[in-house]
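Undergrad: Please see the structure below; I have some questions.
The values are calculated or read from the model by the stated rules, or taken from the named source; none is laboratory data. Note that the structure is a prediction, hence the values are computed from the model and not measured. Cβ placement follows ideal geometry from the backbone for every residue including glycine, while neighbour counts extend to all protein chains displayed. Just the protein is used for accessible areas: all its heavy atoms, side chains included, with ligands, DNA and RNA removed. Shrake-Rupley method; radii C 1.70, N 1.55, O 1.52, S 1.80 Å.
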Amino acid sequence: MADQRDLTARVREGYDRIAAEYDEHRSTDDTDVPLVERFCDGLGPNADVLDAGCGAGMPVTELLAEGHTVTGLDLSREQLSLATGRLPGQSFVEGEMTRLPFDDDSFDGLTSFYAVIHVPRERHEDVFAEFHRVCRPGATLLCTVGDADWTGHNEDWMGMGEAMYWDIPGLDRARELLENAGFSVERVDYVMDDVADDPARKPFVWARA
Ligand SMILES: C[S@@+](CC[C@H](N)C(=O)[O-])C[C@H]1O[C@@H](n2cnc3c(N)ncnc32)[C@H](O)[C@@H]1O
């Protein structure tokens, strides 16, 4: 396995190259949309929300932005360029989930869909510590994690001609890391991810800062 910086650079370069094509697979009809709607319903009006690993902003950032002030953060400039074009009134920031460029207690809610699973597992502790640091006390976190412990890559992900990389320590370890970071894990919902090559149930963790 390549070293962490190398891996993160490969993930960024991969998303830079597939941004437009990946975007074609995402829509407001996707199976994870009810989760975003439930997340929005649980927030007060015009809450400050961070979407970490926002990609091109469809559908998560876009739905959040209907009633809230959203900041989207992503590694990939191409993803951010699509997101900015789609949601010109929202704020998008190029950055790394392991060192968020935001003050402590900045957000009432934080979503992170299908993104932490791309971060080398040695850095997941840092990611969740950063998520907790930027959340206000009582903020809601909704984050995709992985069910089973798995590290791997796909040389031609979704037939887009680009390699992609994942590092997933599994649900139990994700819970442990979230609790260690200061979150209380409240529930886990499973959603059938029909966007990826291998449709599978993906766990989404709800946690309270
Ligand atoms: C599968 S896409 C998901 C995009 C969007 N959240 C969605 O639901 O469609 C994963 C995104 O996470 C971003 N990402 C991966 N590792 C990251 C990191 N360490 N920091 C910030 N963004 C990251 C990628 O650039 C990519 O845009």
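Undergrad: Please specify each residue of the range 1-56 satisfying the condition of being modelled with pLDDT of 95 or more, among the aliphatic types (A, V, I, L, M) and in a loop (DSSP other than H, G, I, E, B).
TA: Leu43, Ala47, Ala56
Undergrad: Let me ask something additional. Can you tell me which of (1) open to solvent by 40 Å² or more (accessible area, probe 1.4 Å); (2) without any contact (Cβ under 8 Å) to a residue 40 or more places away in the chain; (3) in contact with a helix residue (DSSP H, G or I) (Cβ under 6 Å, 6 or more places away or on another chain); (4) within 13 Å of the ligand (Cβ to nearest atom) is the one Leu82 doesn't meet?
TA: Going through (1) open to solvent by 40 Å² or more (accessible area, probe 1.4 Å); (2) without any contact (Cβ under 8 Å) to a residue 40 or more places away in the chain; (3) in contact with a helix residue (DSSP H, G or I) (Cβ under 6 Å, 6 or more places away or on another chain); (4) within 13 Å of the ligand (Cβ to nearest atom) one by one, Leu82 breaks only (2).
Undergrad: Any idea which of Thr8, Thr28 is among the β-branched types (Val, Ile, Thr) and either more than 8 Å from the ligand (Cβ to nearest atom) or surrounded by fewer than 16 Cβ atoms within 10 Å (Cβ to Cβ) (or both)?
TA: Details: Thr8 fails: either more than 8 Å from the ligand (Cβ to nearest atom) or surrounded by fewer than 16 Cβ atoms within 10 Å (Cβ to Cβ) (or both).
Going through Thr8, Thr28 in turn, the sole match is Thr28.
Undergrad: So Cys54 fits all but one of (1) buried (at least 20 other Cβ atoms within 10 Å of the Cβ); (2) more than 10 Å from the ligand (Cβ to nearest atom); what number is the exception?
TA: (2)
Undergrad: In the range 87-110, how many residues are surrounded by fewer than 23 Cβ atoms within 10 Å (Cβ to Cβ) and away from the ligand (no atom under 12 Å from the Cβ)?
TA: Looking only at that region, the number is 11.
Undergrad: Can you find, within the range 169-199, the residue that is surrounded by the fewest Cβ atoms within 10 Å (Cβ to Cβ) among those that are among the small types (Gly, Ala, Ser) and more than 15 Å from the ligand (Cβ to nearest atom)? Walk me through it before giving the result.
TA: Kept after step one, since they are among the small types (Gly, Ala, Ser), are these residues of the range 169-199: 170, 174, 181-182, 184, 196.
Then drop every residue that is not more than 15 Å from the ligand (Cβ to nearest atom), which leaves 170, 174, 181-182, 184.
Working: Gly170: 16, Ala174: 26, Ala181: 21, Gly182: 16, Ser184: 11.
Looking at residues that are among the small types (Gly, Ala, Ser) and more than 15 Å from the ligand (Cβ to nearest atom), I get Ser184.
Undergrad: Scan the range 183-209 residue by residue and report those that are modelled with pLDDT under 95 and not in a strand (DSSP E or B).
TA: Those that are modelled with pLDDT under 95 and not in a strand (DSSP E or B): Asp194, Val195, Ala196, Asp197, Asp198, Pro199.
Undergrad: Please find, within the range 125-145, the residue that is farthest from Trp206 (Cα to Cα) out of those that are open to solvent by 10 Å² or more (accessible area, probe 1.4 Å) and within 13 Å of the ligand (Cβ to nearest atom).
TA: Here the answer is Asp126.
Undergrad: Let me ask something else. Of everything in the range 61-75, what is within 13 Å of the chain's Cα centre (by Cα) and not β-branched (Val, Ile, Thr)? Give them in sequence order.
TA: First pass over the range 61-75, keeping only residues within 13 Å of the chain's Cα centre (by Cα): 61, 71-75.
Within the range 61-75, Gly72, Leu73, Asp74, Leu75 meet the criteria.
Undergrad: Still on this structure, please answer the following. Out of the range 132-169, which residues are at pLDDT below 95, in contact with a Leu (Cβ under 9 Å, 6 or more places away or on another chain) and of a type in the set (A, V, I, L, M)?
TA: Within the range 132-169, Ala148 is the sole residue that qualifies.
Undergrad: Does any residue in the range 58-73 that is in contact (Cβ under 8 Å) with a residue 24 or more places away in the chain and under 14 Å from Ala47 (Cβ atoms) come within less than 9 Å, Cβ to Cβ, of a residue that is β-branched (Val, Ile, Thr) and in a loop (DSSP other than H, G, I, E, B) six or more places away or on a different chain, and which pairs are these?
TA: Here the result reads Leu63/Thr28, each pair linking the range 58-73 to a residue that is β-branched (Val, Ile, Thr) and in a loop (DSSP other than H, G, I, E, B).
Undergrad: Further, regarding this structure: Take the range 57-80 and flag every residue that is under 18 Å from Cys135 (Cβ atoms) and part of a strand (DSSP E or B). Step through it out loud before you land on a result.
TA: Step one: of the range 57-80, the residues under 18 Å from Cys135 (Cβ atoms) are 60-61, 64, 68-73.
Passing the criteria: Thr69, Val70, Thr71, Gly72, Leu73.
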